[in-house]
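Before any comments, here is the structure.
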Amino acid sequence: MAAKLAVSLDGELVEITIRSLQVTITATLIAALIGLPLGAWLAVSRFPARRYIIALLNALMGLPPVVVGLIVYILLSRAGPFGVLGLLFTPTAMVIAQVIIITPLIASIAHQAMRELWADYRDLLISLNATRMQRIATLVWDGRRTLLTAKLAGFGRGIGEVGAIMIVGGNIDNATRVLTTAIALETGKGDFALALALGFILIGLAVAVNLGIHMLSRTEQGSLW
Amino acid sequence: MQSILPLTLEDIEIRRNGKRLLGPVSWVLDGAGISILMGPNGSGKTTFLRAMHGIERISGGRIRWAAQAPEVQQAQAFVFQAPIMMRRTVRDSIAYPLRLRGVSRAQARSAAEEWAARVGLGAALARPAMVLSGGEKQKLALARALVTAPQLLFLDEPCANLDGRATHDIEHILQDACKAGTRVVMSTHDIGQARRLADDVLFLHDGRLLETAPKDQFFTRPATPEGAAFLKGDLLL
């Protein structure tokens, strides 16, 4: 029954699936734009607070999504500092919450990868008198295939996230409902077949996106990195 | 472009964790040709080269160049003993220093292709640098260093672990670079290589520069017992 529902391509199901992808892909791209250079910057820089920032990033990887949702809710609510923007209960609010959740994860994994690459490149880039920006750009570019893992981890965390986007999105039909919030709703209503069907789609999406990106990026091929 | 030489070293010293690695060393690098740094393992050859190039911080003394800092940094290059390979193709690896200097992609690639052909990597342009053989990697590192037409080139044992053919090719490239006006300072363990390439020899032992002499003088009449012992193949303790 669940499988039949999953492959029926019901209009509402398709809309929810597309919205899930839109929110998470947008959040992952924004988080990658922040997290990848941040990870590379931490790898090439030496300053007293660096260790604390790395420790903080690692700690933030385990940030409870519900707390993030609550904070974003307060900030975006009508009485909050950004209430005037009217973003609460919109996909934009969901993207903001996901960016906050995903960025530390991407930055932290990127930092690990960039640290190893920096150990390889350090002498060369210093010898070639590369500026700090050039060093960061070089690490991000040359490590792009390794950094795919960071982006996919971010996507994986985002697509399966429910607590924060439930709070800031409100799970509104035809507006902010995504796969995870729909699963929570249908489970609450006792419609386990539909909830399970949505779950299958969610798993299928996560696997398909991972496989697709790996194939497009041609990773795991002998002569590439 | 103004000449960055002479390079004057005044009592430079390098210490790490209270241990003296090099110095005090005083020397003036000027003119043309190939200067070869010789000495046993741990004598400070690599540290000396890195200090001159500016990638090793000195603990004491002074390094003076004939030009200002930005010009000095742009006019020199370094080839490491273990060539550092970027995760790029051969073409993009050689073009990289030019791209850092703002040269257009097309011009940088064209120069890279020319240099790849000169060092015998013309057929490997599209290959990833990481999969090259040891000799090819060192040739790539040389091409990457020479593509910017440096006035001064430092090399740290560039032929260590290479076979005879690769060593011959690299020595040939170095002699060509020298004829084209690049001043070369290179360390080597290989006495035969020093005899083939050197115009003058610097002999280091225990972090101290014991001798600086023209090649013929060093190999026929070394001025120090340590130099003589090194040439005889004795262990220097």
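Taking the stated definitions as given, is residue A:93 more than 14 Å from chain B (Cβ to nearest Cβ), out of contact with any strand residue (DSSP E or B) (no Cβ under 8 Å at 6 or more places or on another chain), farther than 17 Å from residue A:23 by Cα and not β-branched (Val, Ile, Thr)? So residue A:93 does not fit the description; no.
Scan the range B:99-106 and give yes if some residue there is farther than 26 Å from residue B:159 by Cβ, in a helix (DSSP H, G or I) and not aliphatic (A, V, I, L, M), otherwise no. Yes, the conditions are met somewhere in the range B:99-106. Scanning the range B:207-237 for residues that are surrounded by fewer than 16 Cβ atoms within 10 Å (Cβ to Cβ) and in a loop (DSSP other than H, G, I, E, B) yields B:221, B:223, B:224, B:233, B:234, B:235, B:236, B:237.
Do we have any residue at all in the range A:112-131 that's more than 14 Å from chain B (Cβ to nearest Cβ), out of contact with any His (no Cβ under 6 Å at 6 or more places or on another chain) and either at pLDDT below 95 or surrounded by fewer than 18 Cβ atoms within 10 Å (Cβ to Cβ) (or both)? Checked the range A:112-131: at least one residue is more than 14 Å from chain B (Cβ to nearest Cβ), out of contact with any His (no Cβ under 6 Å at 6 or more places or on another chain) and either at pLDDT below 95 or surrounded by fewer than 18 Cβ atoms within 10 Å (Cβ to Cβ) (or both). In this entry, residue A:203 is excluded by the filter for residues that are assigned to a helix (DSSP H, G or I), touching a residue at least 24 places away in the same chain (Cβ under 8 Å) and away from chain B (no Cβ under 14 Å). Among the criteria (1) buried (at least 21 other Cβ atoms within 10 Å of the Cβ); (2) modelled with pLDDT of 95 or more, the one residue A:90 does not fulfil is (1). Does residue B:166 meet the test of being away from chain A (no Cβ under 14 Å), part of a helix (DSSP H, G or I) and touching a Gly at 6+ places or on another chain (Cβ under 6 Å)? In short, yes.
Tell me which residues, restricted to the range B:70-85, are more than 10 Å from every other protein chain (Cβ to nearest Cβ) and surrounded by fewer than 19 Cβ atoms within 10 Å (Cβ to Cβ).
Hits for the range B:70-85 are B:71, B:81.
Exactly one residue out of A:146, A:138 is touching a residue at least 24 places away in the same chain (Cβ under 8 Å), within 12 Å of chain B (Cβ to nearest Cβ), out of contact with any Pro (no Cβ under 8 Å at 6 or more places or on another chain) and assigned to a helix (DSSP H, G or I), and it is A:146.
Regarding the range B:18-38, can at least one residue be identified that is out of contact with any helix residue (DSSP H, G or I) (no Cβ under 8 Å at 6 or more places or on another chain), outside any loop (DSSP other than H, G, I, E, B) and without any contact (Cβ under 8 Å) to a residue 12 or more places away in the chain? For the range B:18-38, residues out of contact with any helix residue (DSSP H, G or I) (no Cβ under 8 Å at 6 or more places or on another chain), outside any loop (DSSP other than H, G, I, E, B) and without any contact (Cβ under 8 Å) to a residue 12 or more places away in the chain: present.
The values are calculated or read from the model by the stated rules, or taken from the named source; none is laboratory data. It should be emphasised that the depicted structure is a prediction, and the values quoted were computed from it without experimental measurement. A quick note on method: Cβ atoms are made from the backbone with ideal geometry, for glycine too, and the neighbour counts reach across all protein chains shown.
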